[in-house]
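Contents: one structure, followed by commentary.
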Protein chains: 2
Amino acid sequence: MANNTITAAKGFWAAGVHCGVKKSGKLDLALLACPTGATAAAVFTTNKIVAAPVTICKKHVKSSKVYAVVINSGNANACTGSAGMKNAIAICNKVAGELNANPHSVLIASTGIIGKQLPIRKVTAGITKAAKQLRNGQRAGSDFAKAIMTTDTKCKQAVRRFEISGKKVAIAATAKGAGMIGPNMATTITVITTDIAITKLLLAHALKAAVGVSLNKLTVDGHQSTNDTAVIMASGAAGNRPVTSPCPRYRKFAKALTEVCADLTRQMALDAEGATRMFTVVVKGAATKADACKAARAVADYNLVKCAVHGADPNWGRIICAAGSCGVKLYPDKMSCKIGDITVFRNGRPTKFDAKKASKVISRTGHTITIDLGAGKYTDFCFGCDLSADYVKINADYHT
Amino acid sequence: MANNTITAAKGFWAAGVHCGVKKSGKLDLALLACPTGATAAAVFTTNKIVAAPVTICKKHVKSSKVYAVVINSGNANACTGSAGMKNAIAICNKVAGELNANPHSVLIASTGIIGKQLPIRKVTAGITKAAKQLRNGQRAGSDFAKAIMTTDTKCKQAVRRFEISGKKVAIAATAKGAGMIGPNMATTITVITTDIAITKLLLAHALKAAVGVSLNKLTVDGHQSTNDTAVIMASGAAGNRPVTSPCPRYRKFAKALTEVCADLTRQMALDAEGATRMFTVVVKGAATKADACKAARAVADYNLVKCAVHGADPNWGRIICAAGSCGVKLYPDKMSCKIGDITVFRNGRPTKFDAKKASKVISRTGHTITIDLGAGKYTDFCFGCDLSADYVKINADYHT
């Protein structure tokens, strides 16, 4: 079976160990290394409160070459003041020491509970352990994926393979994310490796575009976290002539990268805390692109819509209500709404539709809710998931 | 026992009957009459999709004298196109006929499911029945309150009595509302009666101010409905010299009205769908009043905060995260957060606090979460409630 983990791209070594942040004994420290140095790019949360590792990572990703990514789970190192910042720096220093690299070429991310200081000695000891276990096979990649999980119940991994001018290229990725997911962000923590040779500028451009139509379009509970980070590293080990312009080779790469990110997004939506199904909201006929985006998000975020989806109830009144409530331009008498292919509301009036059939559509994961605002020509979309009693249980019981 | 219903103010007669909109057989049609004619004012939803009765009521409330309010529950008459508009007009006409009044002097509201046509014959037959049962006692007021309920489990009523220049004045109110409640609106359906003599302008002014710091500050699920309406009617039966300027007599009235609205708000928060406790979010140190309002709402609306409150968990990281995510100006290093009187976060750093004590504070209804953004001098607040598994059950099972 082909390697479907983060190590599927040539030039990357990975490890995942238990260092002691998680009391459960599960893997909680992930290390990825690119011994030859990788071209890197990243996107981050736009939350105004950012965790210490985000501040550090923003700086380090500017390095021309990046040699490693280190991620701990179980503790977000967010809202931890100067002590948290010192810990994040100490982690980068430790990784750099183990790998003989410059600390500025080490990327860092954390995920887990907010407001607690990291047990830094445990983490640095874990880094020594992880550095010894760095390998390039399936097992190592799988351990890496497990070590970044928090409330995720499943590993999220995606790989695409394609050829560029006769050279085999791979894009491999892993992500964690189950709650605190809102659009307009880099989303949760995503690490992508590729062996393509490409300039930093184009890599950054491709990442931003891919995330914009995938990870950034997912809302689970409408808020982006303090730690959202998506990193991509390109080792160049595929041996292709470097991609230096937005040529067809670039577009092929960008398309595959978008597919990888879309794949991860689907996996995240389906593993969202308590979720049983995901859906897509498409808004048409908006006066502006921003209105379309806002309305799609408002519908996908609305608890009453999420509950209706959970109950497989074609309660389109809540959909229309959410669109009307979010402040976008719309003409009530020109509005329409479809659940899958079934028109439930047309030109401001309810239609007669088969409620059982509509309920069946909603009970399927991946169904689409389409709203036409009747106000213009712009369209946008958003991915959402249902709200279940389990979401409440998970988040009322997840104690600090 | 003193009458604590909507008929506590002199000059009003009420009734509540079952006309057949609700299949359960519960009361579903409420009628309030002021035979001498009342000065009236109202505030409405700012949702861009408004129900037919809202459109009609906005017009009719401009009449110099209002003689009745008619409300049906079980059907919102929203998103019902021109047929819905015809039905709303037919209802006003029917009430006017029964009471020998001008249809334009009849106010109207509906609440319940969106997108279904009203069984208009049942409603008009119910109006005849209700008109015959109009009385001014406690029982009639109580029937009125019951007849406007939907998923409410309790009647919401509030009365204040005071004197103005030696004349006894009463303000009496009833409201319904348990879900689809978001700030910046008139909120759900509220009917207030008073026997004070006051000008229409001052009555409208007092209502807007009172609702602004009470009903409009409550968020249950962040969205205002298509039908939110708050109506006040002043019969003048107290016999006071009419209040015509913002004098001390006006201020006494305005204060009592605010108390009545605050009382209803508390009752609504505590009866919110699935809620077990309510809380207040206070935002201090905001750069603008709008920022303070936005941040308070973002925190009160955030599902992860609502779940933490449900679990009595002092998970302040989610509070800070919500404030950071909503786009307001803030200085992370100057931010603080308190749960009750317990400081959990100070100048961007976690404090050592007694988690058990903080959990106890959260488990009390009416506790306050205070966030200082460290960005200015503005303050605002918002009322919220917890999110429970029951909210999901109620809203996943409430089938169309």
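The values are calculated or read from the model by the stated rules, or taken from the named source; none is laboratory data. For clarity, every value in this text was computed on a predicted model and none was experimentally measured. Cβ coordinates were reconstructed from backbone atoms using ideal geometry, including for glycine residues, and neighbour counts include every protein chain displayed.
Structure notes:
- Residue in segment B:15-44 that is surrounded by the fewest Cβ atoms within 10 Å (Cβ to Cβ), counting only those that are touching an Asp or Glu at 6+ places or on another chain (Cβ under 7 Å) and not in a loop (DSSP other than H, G, I, E, B): B:Phe44
- Considering (1) more than 9 Å from chain A (Cβ to nearest Cβ); (2) under 15 Å from B:Ile371 (Cβ atoms); (3) at pLDDT below 95, the lone condition that B:Asp333 does not fulfil carries the number (1).
- Where a residue in segment B:150-168 is over 21 Å from B:Asp195 (Cβ atoms) and its partner, wherever it lies, is among the aromatic types (Phe, Trp, Tyr) and not in a strand (DSSP E or B), with Cβ under 9 Å and at least six apart: B:Thr151/B:Tyr398
- Unmet requirement for B:Pro314, which otherwise passes all of (1) surrounded by fewer than 24 Cβ atoms within 10 Å (Cβ to Cβ); (2) outside any helix (DSSP H, G or I); (3) not aliphatic (A, V, I, L, M): (1)
- A:Arg161, sole failed condition from (1) touching a helix residue (DSSP H, G or I) at 6+ places or on another chain (Cβ under 9 Å); (2) charged (D, E, K, R); (3) closer than 28 Å to B:Val305 by Cα: (3)
- Residue within segment A:293-300 that is of a type in the set (Val, Ile, Thr) and either farther than 28 Å from A:Pro53 by Cα or without any contact (Cβ under 8 Å) to a residue 12 or more places away in the chain (or both) present: yes
- Where helices (runs of 4 or more DSSP H) fall wholly inside segment B:75-159, the ranges with 2 or more residues that are within 14 Å of another protein chain (Cβ to nearest Cβ) are B:81-99.
- B:Thr370 meets the conditions (1) within 30 Å of B:Asp152 (Cα to Cα); (2) of a type in the set (S, T, N, Q); (3) within 7 Å of chain A (Cβ to nearest Cβ) in every case but one. The failed one is (3).
- Looking only at residues in segment B:318-330 that are of a type in the set (Val, Ile, Thr) and surrounded by 24 or more Cβ atoms within 10 Å (Cβ to Cβ), the one that is farthest from the other protein chains (Cβ to nearest Cβ) is B:Ile319.
- Some residue of segment B:51-62 being assigned to a strand (DSSP E or B) and in the same structural domain as B:Lys132 (by TED's automatic domain parsing): no
- Residue pairs meeting the criteria (Cβ under 8 Å; at least 6 apart or on separate chains; first surrounded by fewer than 21 Cβ atoms within 10 Å (Cβ to Cβ), in segment A:356-374; second hydrophobic (A, V, I, L, M, F, W, C) and part of a loop (DSSP other than H, G, I, E, B)): A:Ser359/A:Ala312; A:Lys360/A:Ala312; A:Ser363/A:Ala312; A:Gly374/A:Leu330; A:Gly374/A:Met335
- Test: residue in segment B:378-385 that is more than 14 Å from every other protein chain (Cβ to nearest Cβ), more than 19 Å from B:His310 (Cα to Cα) and part of a loop (DSSP other than H, G, I, E, B): no
- Of all the numbered requirements in (1) of a type in the set (Asp, Glu); (2) within 30 Å of A:Ile192 (Cα to Cα); (3) surrounded by fewer than 18 Cβ atoms within 10 Å (Cβ to Cβ), A:Asp333 misses one, and that requirement is (2).
- Members of segment A:280-304 found to be assigned to a helix (DSSP H, G or I), of a type in the set (D, E, K, R) and away from chain B (no Cβ under 14 Å), listed by number: A:Lys289
- Residues satisfying the stated conditions in segment A:249-279, i.e. in a helix (DSSP H, G or I) and more than 17 Å from A:Gln157 (Cα to Cα): A:Arg249, A:Tyr250, A:Arg251, A:Lys252, A:Phe253, A:Ala254, A:Lys255
- Segment A:306-317 residues that are more than 7 Å from chain B (Cβ to nearest Cβ) and under 22 Å from A:Leu218 (Cβ atoms), paired with ones that are assigned to a loop (DSSP other than H, G, I, E, B) and among the charged types (D, E, K, R) (beta carbon under 6 Å, 6 or more apart): A:Lys306/A:Asp386; A:Val309/A:Asp386
- Across segment B:108-123, the number of residues qualifying as surrounded by 24 or more Cβ atoms within 10 Å (Cβ to Cβ), among the aliphatic types (A, V, I, L, M) and in contact with a Phe, Trp or Tyr (Cβ under 9 Å, 6 or more places away or on another chain) comes to 1.
- Number of residues in segment A:318-353 that are among the aliphatic types (A, V, I, L, M) and more than 15 Å from A:Asp301 (Cα to Cα) equals 6.
- Condition check for A:Arg121: of a type in the set (D, E, K, R) and closer than 30 Å to B:Arg346 by Cβ: yes
- Options B:Lys377, B:Lys338; residue that is crowded, with 17+ Cβ neighbours inside 10 Å and at pLDDT 95 or above: B:Lys338
- Looking across segment B:345-362 at every residue that is under 22 Å from B:Gly376 (Cβ atoms) and not in a loop (DSSP other than H, G, I, E, B), the one that is farthest from the other protein chains (Cβ to nearest Cβ) is identified as B:Arg346.
- Criterion: closer than 20 Å to B:Gly137 by Cβ and more than 14 Å from chain A (Cβ to nearest Cβ) - qualifying residue of B:Pro35, B:Pro53: B:Pro35
- Residue within segment B:138-146 that is over 23 Å from the mean Cα position of the chain (by Cα), crowded, with 19+ Cβ neighbours inside 10 Å and of a type outside the set (A, V, I, L, M, F, W, C) present: no
- Those residues of segment A:190-242 which are in a helix (DSSP H, G or I) and of a type in the set (Gly, Ala, Ser), in sequence order: A:Ala204, A:Ala206, A:Ala209, A:Ala210, A:Gly212
- Condition check for A:Thr80 on (1) at pLDDT 95 or above; (2) closer than 20 Å to A:Lys22 by Cβ; (3) not acidic (Asp, Glu): one failure, at (1).
- In segment B:24-58, the residues that are closer than 17 Å to B:Arg135 by Cβ and not hydrophobic (A, V, I, L, M, F, W, C): B:Pro35, B:Thr36
- Among the residues of segment A:124-137, the ones that are farther than 24 Å from A:Ala40 by Cα and either crowded, with 24+ Cβ neighbours inside 10 Å or of a type in the set (Gly, Ala, Ser) (or both) come to 2 in all.
- Filtered residue count, segment A:76-129, keeping only those that are closer than 27 Å to B:Trp316 by Cβ and polar (S, T, N, Q): 7
- Test: residue in segment B:393-400 that is away from every other protein chain (no Cβ under 11 Å) and in contact (Cβ under 8 Å) with a residue 12 or more places away in the chain: no
- In segment B:229-276, the residues that are among the charged types (D, E, K, R) and at pLDDT below 90: B:Arg266, B:Asp271, B:Glu273
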